[in-house]
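Here is the structure we will look at, set down as structure tokens.
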Amino acid sequence: MGGSLEGSFPDEARVYRALGLAWVPPELREADGELEAAAAGRLPHLVEQTDLRGFLHCHSHFSDGTVTIAEWASSCRAAGYGWVGITDHSQSSAYSGGLRAEDVGQQHAEIDAVNAGATGILVLKGVEADILADGSLDYGPDVLDRFDFVIGSIHSRFGMSEEEMTRRVLTAMEDPRLTILGHPTGRLLLQREPYAIDLERVLQTAADRGIAVEVNADPHRLDLDWRMVRRARDLGVTISIGANAHSTGGITNVAIGLGIARKGWLEPSGVLNTRDADGFLAFARQRRTVAA
């Protein structure tokens, strides 16, 4: 009998088809509306690795990374990316060798030199700026305006109340230079619980203001959780997959973040990394123009 069943249903797709359903990708099998969507022909076309054109959130030797700008460009090109956004820590992250304001020019000159000699890859000038306790972004407007894009992240004062932390993040989101909100809950798996924050308000604000929210693919973070990724999708938030890589080995983190994005029902159009360099830069410029 087993052989007969195997002959009738040699793969999952035929099982689903026999039930009158479209095949449901494994990531979506959570008894949370996927069968209804399969019956109605409304399953999402999930984002895939081949859709990703840019590599985001990586640290170079200018802060706490072990990799030069040239090495990042070469490795990301070899991995199939068309652009890479360098995001060293800002000056307030002294424990991470944060990039001093006076050294930004040196970093940008090195990026310009790499771009002048590189083919098939473009290096973008980004920064992971600390969101300070009062909600302001590290450096200030004069320095931040020199970057192509800004990831804003919290790296200190995790013990604030939910009201205080939410106000802190919402204040940062008022700054038109903020392109992406980094690792939005601050959790470290098995080490640190998420800080108290009203994610619903944060995600709604991101949707309203055209700010991307990161899925941080560092295996110690996996932040956002996939359930909140789906909520972000429903609200119309653009998601950025950030490797949070400090060496070229961290390029493989993207696969983990991609899995979270897929589990959150994300299609290519909802993921910032699927845009080419011009499209990504246009996203950052739009944010600055609209919010200014």
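All of the numbers you see were taken from the coordinates with simple rules; none came from a lab. Note that the coordinates shown come from a computational prediction; the quantities given were computed from them, not determined experimentally. With ideal geometry, Cβ positions are generated from the backbone for all residues, glycine too; neighbour counts draw on all protein chains shown.
Some points to look at:
- Region 229-274 gives an Rg/Rh value of 1.01, both radii derived from C-alpha positions and Rh following Kirkwood.
- The chain, Cα convex hull volume normalised per residue, Å³: 147
- Spacing of the two label points (7 Å from each Cα toward its C-beta) at D112 and S161, in nm: 4.9
- Residues of region 216-246 with amide N under 17 Å of a point placed 7 Å along Cα→Cβ from L190: 218-223
- FRET efficiency, R209 to S269 (Cβ-Cβ, R0 25 Å, nearest 0.05): 0.85
- Where Rh is the Kirkwood radius over Cα pairs, Rg/Rh for region 99-193: 1.05
- Entry for region 39-148 at q = 0.13, 0.14, 0.15, 0.17 Å⁻¹: log10 I(q)/I(0) = -0.54, -0.60, -0.67, -0.80, Debye formula applied to identical alpha-carbon scatterers, no solvent contribution.
- Residues W23 and H220, FRET efficiency given R0 of 51 Å [Cβ-Cβ distance, rounded to 0.05]: 0.95
- Counting only DSSP beta bridges whose two residues both lie in the chain, roughly 10 percent are antiparallel.
- Spin-label proximity, A133 to region 69-113 - amide N less than 17 Å from point 7 Å beyond Cα toward beta carbon: 92-95
- Rg ratio (alpha-carbon, reference 2.2 N^0.38 Å) - region 139-221: 1.09
- In order along region 215-232, phi translates into HN-Hα couplings of 9, 7, 8, 4, x, 7, 10, 6, 10, 7, 5, 4, 5, 6, 4, 5, 4, 4 Hz, rounded to whole numbers, per the Karplus curve 6.51 cos²θ - 1.76 cosθ + 1.60 with θ = phi - 60° and x for Gly and Pro.
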